[in-house]
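Undergrad: Quick one: structure below, then a few questions.
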Amino acid sequence: MSAELVGVRVLIITSNTGVERDELVIPRDRLRARGAHVTHAAMEAIDVQTYRHDLILSEPVRPDMALGEADPGAFDVVVIPGGTVNADKLRINAEARELVRSVIAFGRPIAAICHGPWLLVDAAVVAGKTLTAYPSLRTDLINAGAAWADKSVVRSDADGWTLITSRNPDDLPDFVDAITDEFRVRAF
């Protein structure tokens, strides 16, 4: 285990179904391996059904807590995995939208991958930001006032808070490295 993220508290938030497996498990495991304390909160404290490429059933993952139990001030960064169904369920969940707004009010970064930025659109926090996501979200993001960039990872500090975004599971190495780099800069 590396010690580069010791002291960093990561919250990964999901719904309970339709979560892109690799976008949940890989950041969770790699950030833990780098020393971060990672907590997974799902809409309910029951198993999360994961999928690969939205269609291939994968193994369930047990969250650490329900979303409503998560204290946004207790975490240094929030990570939002994709999965079309996951993101669609999160974006209409009032607790998820309020958690995102609270994290931003605390000045904490958010990292979202693939369809994860849909939650940010519905939380009305992307205006003025530059980000990337799964290509089908481009129009939604632009309509919400964001600028689009087709890159493996985009970091935006507009409006006084940091947003890290990536497009899909192929970008996970860059995504996890960008989250790690955020805390190297903050010198925890």
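Undergrad: Find all pairs meeting these conditions: Cβ atoms under 8 angstrom apart; at least six residues apart or on different chains; first residue within the stretch 1-18 and over 12 Å from residue 48 (Cα atoms); second residue surrounded by 15 or more Cβ atoms within 10 Å (Cβ to Cβ) and of a type in the set (Ser, Thr, Tyr).
TA: 4/180; 5/180; 9/39; 10/39; 11/39; 12/39
Undergrad: Consider residue 74 against the criteria (1) small (Gly, Ala, Ser); (2) in contact (Cβ under 8 Å) with a residue 60 or more places away in the chain; (3) buried (at least 19 other Cβ atoms within 10 Å of the Cβ): it satisfies all of them except one. Which criterion is unmet?
TA: Unmet for residue 74, out of (1) small (Gly, Ala, Ser); (2) in contact (Cβ under 8 Å) with a residue 60 or more places away in the chain; (3) buried (at least 19 other Cβ atoms within 10 Å of the Cβ): (3).
Undergrad: Now, a different point. Which of the helices (runs of 4 or more DSSP H) contained wholly in the stretch 84-188 include at least 2 residues that are open to solvent by less than 20 Å² (accessible area, probe 1.4 Å)?
TA: 84-91, 94-105, 117-122, 172-186
Undergrad: Could I ask something else about it? Got at least one residue in the stretch 46-68 being of a type in the set (Lys, Arg) and within 19 Å of residue 177 (Cβ to Cβ)?
TA: For the stretch 46-68, residues of a type in the set (Lys, Arg) and within 19 Å of residue 177 (Cβ to Cβ): absent.
Undergrad: Sticking with this structure for a sec: Which one of the conditions (1) more than 15 Å from the chain's Cα centre (by Cα); (2) buried (at least 18 other Cβ atoms within 10 Å of the Cβ) does residue 27 fail to meet, given that it meets all the rest?
TA: Going through the list (1) more than 15 Å from the chain's Cα centre (by Cα); (2) buried (at least 18 other Cβ atoms within 10 Å of the Cβ), residue 27 breaks only (1).
Undergrad: Restrict the check to the stretch 44-54 and report whether at least one residue is under 13 Å from residue 79 (Cβ atoms) and either touching a residue at least 40 places away in the same chain (Cβ under 8 Å) or among the hydroxyl-bearing types (Ser, Thr, Tyr) (or both).
TA: no
Undergrad: Follow-up. For the stretch 20-54, enumerate the residues that are assigned to a loop (DSSP other than H, G, I, E, B), touching a strand residue (DSSP E or B) at 6+ places or on another chain (Cβ under 6 Å) and closer than 22 Å to residue 184 by Cα.
TA: 36
Undergrad: Scan the stretch 173-188 for residues that are touching a Lys or Arg at 6+ places or on another chain (Cβ under 8 Å) and either without any contact (Cβ under 8 Å) to a residue 24 or more places away in the chain or under 19 Å from residue 21 (Cα atoms) (or both) and jot them down.
TA: Within the stretch 173-188, 176 is the sole residue that qualifies.
Undergrad: Mind telling me which of the residues 57, 11 ends up being at pLDDT 95 or above, open to solvent by 40 Å² or more (accessible area, probe 1.4 Å), in a strand (DSSP E or B) and not hydroxyl-bearing (Ser, Thr, Tyr)?
TA: It is 57.
The values are calculated or read from the model by the stated rules, or taken from the named source; none is laboratory data. Predicted model only: the values in this text are computed from it and were never measured. Virtual Cβ from ideal backbone geometry, glycine too; neighbours counted across all protein chains shown. Keep in mind that these areas ignore ligands, DNA and RNA; they rest on the heavy atoms of the full protein, side chains included. Shrake-Rupley method; radii C 1.70, N 1.55, O 1.52, S 1.80 Å.
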